Structures are given as C-alpha cells and as structure tokens.
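The values are calculated or read from the model by the stated rules, or taken from the named source; none is laboratory data. Here the structure is a predicted model, which is why all the values come from computation and not from measurement. Here the Cβ is made from the backbone with ideal geometry for all residues, glycine too, and neighbour counts use every protein chain on show. When the accessible area is computed, the model is the full protein with side chains, heavy atoms only, and any ligands, DNA or RNA have been set aside. Shrake-Rupley method; radii C 1.70, N 1.55, O 1.52, S 1.80 Å.
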Amino acid sequence: MSSPAGPHVWPARGYAWYVIALLTLAYALAILDRVSIALLIEPLERSLHLTDTEFGLLQGMAFSMVYSLLGLPLGMLCDRSRRVPVLVGGLTVWSLATICCSFASSFGELFAARMMVGVGEAALVPVATSLIADYFAPEVRPRAYGVFVLGSSIGTAAAMALSGLFIRWADALIVGIPALFGTSMPWQIVFVLCGLPGIVLALIIVLSIREPARKGLDTQVTSISLRPILQLFAERPRAYGCFLIGTVLNLVCVYAIVGWFPALFIRAHGWDAAQTGYALGAVGFPVSAFAAINSGWVIAWLLRKGHRDAPVLAAMGAAASMVLFGTAACLVPSGWLALVFYALNALFLNWNISGVYSGISAITPNRLRGQVMAIHTICSGLIALTAGNFLVGFLSDTVFTGPGGIAWSLGVVFFGCGLAAAATLAAGRTTFRAAVIANERA
C-alpha cells in the first residue's frame with residue numbers, strides 16, 4: 001500500500017470518495033449482520049423456544065455489552081495507531097461471528113455468537129469517523145459523513161429485503177440440494193449468506209485503502225490515559241451531556257424500529273416474513289438513502305447560514321419525526337398505512353446520526369475524536385440498543401399482551417423517547433455553539 005499523504009495535504013478527492021464508498025459498504029454489512037435477526041423472529045422463537053424478552057436480549061444486550069465495553073479501548077487504539085488494520089480485523093470478526101450464529105442450538109449459544117458480532121462491530125464507527133476526518137477538509141466533511149450514514153440505510157433495507165430473499169433461497173437450497181442443506185433450517189442458511197460478503201470486503205480494504213496522515217494534531221499522543229477526555233467533558237459538561245443524551249434517546253427509537261418493526265407487520269397486520277422484508281426494504285431504502293445523503297447537505301447548508309448548532313438542529317428534527325410519524329406508524333390500523341408513516345419517519349431518521357458525527361467532529365479536538373465517538377458508541381449500545389430492543393419485548397410480554405400489543409409497546413417507546421430527546425437537545429443548544437467556537441480557536 002502507498003505511504004500516507006503529508007500532514008498538510010488532503011488526499012485526492014476522488015480517492016477519498018472511493019474510501020467513503022468502502023466504509024459505507026462496511027457500515028451496510030455491519031447493520032445487515034446486526035439486524036438481520038429481526039426478520040427471523042418467528043422461526044428462531046419456534047426453533048430455540050425463545051420468549052419476546054429473550055429475543056429482545058439477543059438483539060440488544062448480547063450485542064451491546066461487548067460493543068459498548070470495547071468502544072473506548074478501540075477508540076483509544078484508533079487515536080494512537082494505524083486505523084486500517086483495526087477496521088479489517090473488526091470486519092473479519094463480525095462477519096465470521098454472523099456465520100457462527102447459524103450453528104447455535106440454544107439461547108446461550110446464540111447469545112455468545114451475537115456477543116462476538118458486537119466485538120467486531122465495535123471497531124467500525126470510531127475508526128471510520130476518524131479516517132473520514134483526515135480524508136476530507138472541514139467544509140466537505142459533513143457531506144462525507146452524510147454519505148457514510150447511507151450505509152446504515154443500505155444495511156437496514158438489505159437486512160429486511162435480503163433476509164426475505166435469503167429465506168426463499170434457503171428453502172430452495174434445502175429442497176434443491178438436500179445433500180448439502182437438507183439438515184439445515186432456513187434461518188441457519190440466512191446467517192451464512194449475511195456473513196460471507198464481509199470476508200470479501202475485508203480483503204478489498206486490505207488491498208486498496210491506505211492510512212491518511214492525521215490533520216490538526218498539536219502533539220503526538222502516545223500515552224493511555226482518560227484524563228484528557230475527562231478534562232474535556234469537565235470543561236463543556238452541558239454541551240456534551242445534552243448532545244450525547246439527546247442523540248442516544250433518538251437511537252432508542254431507531255433500534256426499536258430495526259428490532260421490532262418486522263414483528264409489528266407480521267403480528268399486528270398479518271403479513272408473512274418475506275412480504276414484510278420486501279416491503280420494508282423497498283420503501284425504507286430509497287427514502288432513508290435520500291435522508292442519509294440529504295442530512296449531510298442540510299447540516300452543511302445550516303452551517304453556511306451561520307447556525308453553529310446545525311448538528312443539534314438536525315438531531316431535533318429526527319426527534320420530532322419519531323414523536324409524530326414514528327408513533328403514528330405503530331398505531332394506525334392498516335399495514336399499508338403503517339408503511340406510509342414508516343416512510344415519512346425514514347425521511348428524517350438519519351438526521352440524528354449525521355448530526356452525531358458532524359457534532360462530535362465540530363466540538364472535539366482531533367486527538368480525542370475517536371475516544372469521544374467511542375463514548376457515544378458505549379452510550380448508544382448500553383442505553384439505546386439494549387433499551388430499544390428490551391423495552392419493546394418486555395412491554396409486549398408483560399403489559400400489552402394481546403395480539404396487537406407489539407403496536408402499543410412500540411408506540412409508547414417512540415412517543416416517550418422522542419419527546420425526551422427533543423427537550424434534551426434543545427436545552428444544550430447554547431452551550432453546544434460555545435463549544436464549537438472554543439474548538440475552532442484551540
């Protein structure tokens with residue numbers, strides 16, 4: 001691989017966008033491997049004798065425990081070492097772990113495999129956001145982050161549409177090639193098909209992505225210490241506190257969508273898994289893709305208009321959408337009408353995560369960006385990913401226990417968390433603007 005570019009020279013724009021394309025694809029595969037389990041709820045619960053609460057734990061806690069705990073160490077690692085090897089290692093681990101999910105024969109074994117998916121994926125966001133900051137100048141960076149967020153939309157849509165397609169393929173393979181697949185369950189084959197592309201992508205990254213020179217470093221960071229990050233938070237407690245908490249509350253709703261919307265259509269509206277996957281993927285992908293790219297341009301436009309709190313405004317827009325469109329999607333009586341509100345909510349879904357990447361970059365010194373992003377990852381894992389999946393399953397098992405209980409369980413989570421996110425973000429706007437100015441002058 002070529003040597004890194006000099007510290008004062010930005011990499012060639014065409015090559016930088018090529019790197020973004022690969023990082024976006026990696027993000028898509030991460031989301032695919034993380035959430036493809038959602039469409040397999042019915043066969044997995046039957047095969048492994050799971051409850052909704054256990055299924056929520058598999059989607060959330062099993063993944064988020066290690067994903068969160070490893071986030072900060074990996075953030076420190078990417079701030080102090082070459083980032084491309086860390087990315088390749090993480091991609092390989094989570095892809096192999098997804099394949100290993102197909103061998104699980106009990107709740108405990110599947111829980112362990114899901115933990116390993118979290119181990120690998122913990123490296124992606126800290127490394128990718130750090131790389132992007134050194135491939136693109138500040139005025140272009142929000143758009144680059146917006147494209148990267150597109151990976152989330154691609155992965156979520158692929159998890160829905162491809163899982164539905166893979167279920168059909170699995171049935172055909174079992175019938176057509178019984179010598180190889182005759183003893184396999186369809187859900188086992190789906191996990192294998194989801195994991196294989198990541199192995200190929202890891203090889204492509206090894207061969208074609210080079211490490212960029214770090215920009216904006218005032219000193220070479222070599223020691224391992226939490227003191228700088230704690231000092232940064234102590235200097236700007238409200239800016240970081242409101243921004244982190246508000247965006248994480250938005251993510252509770254996002255993970256509830258990813259984890260439980262297939263069950264909403266299957267249980268409340270009587271659709272089958274393949275139909276649900278195709279519909280959610282076909283509608284969600286183009287709308288969310290537009291929102292992901294548009295979010296970066298919206299933030300950049302707001303910045304040009306002088307709104308230094310543009311990332312906060314974007315996240316507040318996502319929160320308002322959760323309250324209005326997200327809640328409506330859960331409670332309307334028709335599956336097709338629910339799909340309409342699902343699409344409307346998807347228009348703003350990715351504004352939150354684009355706001356996170358742009359916001360952290362705006363208020364955080366280069367040498368600490370990976371760690372701050374890792375701390376956000378910890379919060380999103382321990383709080384958002386765990387709560388978004390567990391709360392819906394728990395409410396469905398214990399409070400809203402009727403046939404349509406999943407709808408009310410989702411609706412309560414959307415309305416409550418969306419409202420709290422909007423209020424928290426609004427409370428931190430002034431201090432966020434001050435933090436942006438302080439970081440620009442540093």
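Please go through (1) at pLDDT 80 or above; (2) crowded, with 17+ Cβ neighbours inside 10 Å for Ala170 and return the number of the only condition it doesn't satisfy.
(1) is the only condition that Ala170 fails.
Taking the residues in the stretch 212-241 that are of a type in the set (Ser, Thr, Tyr) and in a loop (DSSP other than H, G, I, E, B) as candidates, determine which candidate is modelled with the highest pLDDT. Outline the logic, then answer.
Let us first name the residues in the stretch 212-241 that are of a type in the set (Ser, Thr, Tyr), namely 219, 222-223, 225, 240.
Filter again for in a loop (DSSP other than H, G, I, E, B), leaving 219, 222-223, 225.
Numbers: Thr219: 43, Thr222: 46, Ser223: 50, Ser225: 60.
The qualifying residue modelled with the highest pLDDT is Ser225.
Taking the options Leu131, Leu150, Leu124, name whichever one is within 20 Å of Pro197 (Cα to Cα) and modelled with pLDDT of 80 or more.
Residue meeting the stated conditions: Leu124.
Of the numbered conditions (1) hydrophobic (A, V, I, L, M, F, W, C); (2) open to solvent by less than 20 Å² (accessible area, probe 1.4 Å); (3) more than 13 Å from Ala239 (Cβ to Cβ), Val372 satisfies every one except a single condition; which is it?
Of the numbered conditions (1) hydrophobic (A, V, I, L, M, F, W, C); (2) open to solvent by less than 20 Å² (accessible area, probe 1.4 Å); (3) more than 13 Å from Ala239 (Cβ to Cβ), the odd one out for Val372 is (3).
Check Asn389 against each of (1) under 14 Å from the mean Cα position of the chain (by Cα); (2) open to solvent by less than 30 Å² (accessible area, probe 1.4 Å); (3) farther than 17 Å from Thr327 by Cα and name the one condition it does not meet.
For Asn389, the exception is condition (3).
Go through (1) modelled with pLDDT of 85 or more; (2) more than 27 Å from Tyr145 (Cβ to Cβ) and name the single condition Gly277 misses.
Looking at each condition in turn, Gly277 falls short on (1).
For the subset of the stretch 87-100 comprising residues that are β-branched (Val, Ile, Thr) and closer than 15 Å to Gln188 by Cα, which member is surrounded by the fewest Cβ atoms within 10 Å (Cβ to Cβ)?
Ile99
For the stretch 252-273, state whether one or more residues are over 20 Å from Gly359 (Cα atoms), of a type in the set (Ser, Thr, Tyr) and open to solvent by 40 Å² or more (accessible area, probe 1.4 Å).
No - not one qualifying residue is present in the stretch 252-273.
Results for (1) within 24 Å of Ile189 (Cβ to Cβ); (2) in contact with a Phe, Trp or Tyr (Cβ under 6 Å, 6 or more places away or on another chain); (3) open to solvent by less than 20 Å² (accessible area, probe 1.4 Å); (4) part of a helix (DSSP H, G or I), shown as yes or no for each residue.
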| position | (1), (2), (3), (4) |
| --- | --- |
| Leu39 | yes, no, yes, yes |
| Glu42 | yes, no, no, yes |
| Arg46 | yes, no, no, yes |
| Phe55 | yes, no, yes, yes |
| Met65 | no, no, no, yes |
| Ser68 | no, no, yes, yes |
| Leu74 | no, no, no, yes |
| Leu77 | no, no, no, yes |
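Yes/no matrix, rows are residues, columns are (1) in contact with a strand residue (DSSP E or B) (Cβ under 7 Å, 6 or more places away or on another chain); (2) among the hydroxyl-bearing types (Ser, Thr, Tyr); (3) farther than 18 Å from Leu349 by Cα; (4) part of a helix (DSSP H, G or I):
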{"site": "Cys379", "(1), (2), (3), (4)": "no, no, yes, yes"}
{"site": "Ala384", "(1), (2), (3), (4)": "no, no, no, yes"}
{"site": "Val392", "(1), (2), (3), (4)": "no, no, yes, yes"}
{"site": "Asp397", "(1), (2), (3), (4)": "no, no, yes, yes"}
{"site": "Pro403", "(1), (2), (3), (4)": "no, no, yes, no"}
{"site": "Arg433", "(1), (2), (3), (4)": "no, no, yes, yes"}
{"site": "Asn439", "(1), (2), (3), (4)": "no, no, yes, yes"}
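Here are some residues: Val175, Val206, Val200, Val192. Which one is modelled with pLDDT of 85 or more, open to solvent by 10 Å² or more (accessible area, probe 1.4 Å), within 30 Å of Ala263 (Cβ to Cβ) and of a type in the set (A, V, I, L, M, F, W, C)? Before the answer, list the steps.
On the way: Val175 fails: modelled with pLDDT of 85 or more; Val206 fails: within 30 Å of Ala263 (Cβ to Cβ); Val200 fails: within 30 Å of Ala263 (Cβ to Cβ).
After ruling out the rest, the residue left standing is Val192.
Which members of the stretch 392-415 meet the condition of being aliphatic (A, V, I, L, M), within 15 Å of Ala329 (Cα to Cα) and either open to solvent by 60 Å² or more (accessible area, probe 1.4 Å) or without any contact (Cβ under 8 Å) to a residue 60 or more places away in the chain (or both)?
Matches in the stretch 392-415: Val412 only.
Can you spot a residue in the stretch 290-299 that is open to solvent by 70 Å² or more (accessible area, probe 1.4 Å) and under 30 Å from Arg441 (Cβ atoms)?
Keep residues of the stretch 290-299 that are open to solvent by 70 Å² or more (accessible area, probe 1.4 Å), which gives 290, 297.
With the extra rule that they be under 30 Å from Arg441 (Cβ atoms), the set shrinks to 297.
Within the stretch 290-299 (the criterion being open to solvent by 70 Å² or more (accessible area, probe 1.4 Å) and under 30 Å from Arg441 (Cβ atoms)), the answer is yes, since at least one residue qualifies.
Based on what the data block shows, is Ile360 out of contact with any strand residue (DSSP E or B) (no Cβ under 8 Å at 6 or more places or on another chain), within 21 Å of Ala239 (Cβ to Cβ) and open to solvent by less than 20 Å² (accessible area, probe 1.4 Å)? So that I can check it myself, show each step before the final result.
Working: out of contact with any strand residue (DSSP E or B) (no Cβ under 8 Å at 6 or more places or on another chain): yes; within 21 Å of Ala239 (Cβ to Cβ): yes; open to solvent by less than 20 Å² (accessible area, probe 1.4 Å): yes.
Spelling it out, Ile360 is indeed out of contact with any strand residue (DSSP E or B) (no Cβ under 8 Å at 6 or more places or on another chain), within 21 Å of Ala239 (Cβ to Cβ) and open to solvent by less than 20 Å² (accessible area, probe 1.4 Å).
What are the residues in the stretch 45-103 that are within 13 Å of Val125 (Cβ to Cβ) and of a type in the set (Val, Ile, Thr), if any?
Val86
Could you please let me know if Gly284 is of a type outside the set (A, V, I, L, M, F, W, C) and either in contact with an Asp or Glu (Cβ under 9 Å, 6 or more places away or on another chain) or open to solvent by less than 40 Å² (accessible area, probe 1.4 Å) (or both)? First the steps, then the outcome.
Numbers: of a type outside the set (A, V, I, L, M, F, W, C): yes; either in contact with an Asp or Glu (Cβ under 9 Å, 6 or more places away or on another chain) or open to solvent by less than 40 Å² (accessible area, probe 1.4 Å) (or both): yes.
It is true that Gly284 is of a type outside the set (A, V, I, L, M, F, W, C) and either in contact with an Asp or Glu (Cβ under 9 Å, 6 or more places away or on another chain) or open to solvent by less than 40 Å² (accessible area, probe 1.4 Å) (or both).
Since Val84 meets every condition but one in (1) touching an Asp or Glu at 6+ places or on another chain (Cβ under 7 Å); (2) buried (at least 24 other Cβ atoms within 10 Å of the Cβ); (3) not small (Gly, Ala, Ser), which condition does it not meet?
Tallying (1) touching an Asp or Glu at 6+ places or on another chain (Cβ under 7 Å); (2) buried (at least 24 other Cβ atoms within 10 Å of the Cβ); (3) not small (Gly, Ala, Ser), Val84 fails exactly one: (2).
Does the stretch 338-356 contain at least one residue that is within 30 Å of Ala234 (Cα to Cα), in a helix (DSSP H, G or I), modelled with pLDDT of 85 or more and open to solvent by 20 Å² or more (accessible area, probe 1.4 Å)?
Yes: one or more hits.
Taking the stretch 101-124, which residues are open to solvent by 10 Å² or more (accessible area, probe 1.4 Å) and either of a type in the set (Val, Ile, Thr) or within 16 Å of Leu29 (Cβ to Cβ) (or both)?
Matches in the stretch 101-124: Met116, Val119.
So is Ala421 in a helix (DSSP H, G or I), small (Gly, Ala, Ser) and either under 23 Å from Ser288 (Cβ atoms) or open to solvent by 40 Å² or more (accessible area, probe 1.4 Å) (or both) or not?
Details: in a helix (DSSP H, G or I): yes; small (Gly, Ala, Ser): yes; either under 23 Å from Ser288 (Cβ atoms) or open to solvent by 40 Å² or more (accessible area, probe 1.4 Å) (or both): yes.
It is true that Ala421 is in a helix (DSSP H, G or I), small (Gly, Ala, Ser) and either under 23 Å from Ser288 (Cβ atoms) or open to solvent by 40 Å² or more (accessible area, probe 1.4 Å) (or both).
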